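What follows is one structure encoded as structure tokens, with my remarks underneath.
The values are calculated or read from the model by the stated rules, or taken from the named source; none is laboratory data. Remember, it's a predicted structure, so these values are computed and weren't measured experimentally. No Cβ is skipped: glycine too gets one built from the backbone with ideal geometry, and neighbour counts run over all protein chains shown.
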Amino acid sequence: METDTATGTPAGTVSDHETIDGSVTLRTTHPGGNGRVLEVDGDTIRLEPETRDSTQQWFYWYVDVESDVDQPLRIEFPHDEVVGPRGPAVRTATPCGGPIGNGAWSEWHWLGADHRIDATAFRYAFDADEQAQFALSFPYQRADFDAFAFEYESDPRLSVETLTTTAGGRDVPVVRLGPSDADHHVALAARHHACESTASYVLEGVLRELLESEAAGSLLETHRVHAYPFGDLDGVERGDSGKHRAPHDHNRDYVDANAIADLAPLYPTTSAIADDLRRLESPTLAIDFHCPFKWGGDINDRPFFVTEPTAASAELRGLAGRLEDVTRDRASGTEPTLTYDASPGVGLASFDGQSGLLHTFERYCSRLGAEPAVTLEVPYVGTAMDPVTPANARQFGRDLAVTFDAWAPSDTR
């Protein structure tokens, strides 16, 4: 059992359990791990998502299961509907002659609706000595970001710096693309809520396209892009949901001293991001990448910018319209992709009770002059026609990068 240096509490657990046919080992010690074992009874493993320091129950979970024998198991969440329409995300270990640390993992993919029992449970047939990881959706950890950064480390337009250190002692990266003396700036952020992982694939796709393609890369001739990939890196690595933290979460922490109150951010990362943003002198554009509710409802299965449709600025409507065109023009005719629909109530939509939030990254950038400054919600699961996968989410980010270049106001070019 590991201990998180930020809190002194266990960062995950390992437990062994007997089953009808053999035994299983359940772990949450891996980066992003989350899931409390309620019991193992026969061929059924019963779990629940861990709330930790959040004030409300949330739906994030990510567990590691290893079986010593061939056996079919039922994995169940008796108190929570947290198994999506495509089943859980899954990947399996492919050891190379030793522990998984010396081996590799298969690509994340959906287990499939045929393995889903209902919204609370799924089945999986283990091979002997098979190790598999299951999650609500596709995790994205610091190691995934580091792998991306390593691919492009020789590109002189890319700089990865340490912005600050978290309370848990982790170095927080900031990515900068483009000329250091640029007059115009773009601010991008993700993971202010730690569990919202599919948003990270989109942000990575944006950065990849800016570095790789002529269709988007010309933006870097006139703009400097500042990307903050982990608003809550401790939470991401510990496996916290990060939503509704007490006394408030990271996306309610962009506060400043004023004539009425002497306020200061609670978290080192948000404080450092705010300091960095103030040095940009009015960014042209700011986007905070998030994920909405788990699935279903009117708006949770498609990407959308968070705004009251009637209140959307001309700049945001222009960006949204261009993104719709780009995603449809670049969609593959044979493979499902994530497309964007700019219609009011679909691609321009709002949550109940969200309009009055004051201390968010989006609102902070807006006060600094960014227009638009907006939150982009990326679904965890998607629709039958537009499913979310790591590849599709990265491609959607690439489309967004092309949109930036085509949309950028002429007076910033």
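Remarks
- Condition met for Leu323 (more than 21 Å from the chain's Cα centre (by Cα), part of a helix (DSSP H, G or I) and of a type outside the set (S, T, N, Q)): no
- Of residues in segment 379-402 being part of a helix (DSSP H, G or I) and charged (D, E, K, R), the one nearest to Ala89 (Cα to Cα): Arg394
- If you filter segment 31-90 down to residues that are polar (S, T, N, Q) and farther than 16 Å from Ala119 by Cα, you find that the one that is surrounded by the most Cβ atoms within 10 Å (Cβ to Cβ) is Asn34.
- When we screen Ser282, Ser271 for residues that are under 20 Å from Leu368 (Cα atoms), polar (S, T, N, Q) and in a loop (DSSP other than H, G, I, E, B), the only hit is Ser282.
- Considering segment 342-366, the residues that are closer than 18 Å to Arg302 by Cβ and over 21 Å from the mean Cα position of the chain (by Cα) include one that is modelled with the lowest pLDDT, namely Asp352.
- Single condition Thr310 does not satisfy, out of (1) among the hydroxyl-bearing types (Ser, Thr, Tyr); (2) within 29 Å of Pro265 (Cβ to Cβ); (3) out of contact with any Ser or Thr (no Cβ under 8 Å at 6 or more places or on another chain): (2)
- The number of residues in segment 194-238 being outside any helix (DSSP H, G or I) and more than 20 Å from Leu266 (Cα to Cα) comes to 9.
- Among the residues of segment 167-193, those identified as part of a loop (DSSP other than H, G, I, E, B) and surrounded by fewer than 22 Cβ atoms within 10 Å (Cβ to Cβ) are Ala167, Gly168, Gly169, Arg170, Pro179, Ser180, Asp181, Ala182, Asp183.
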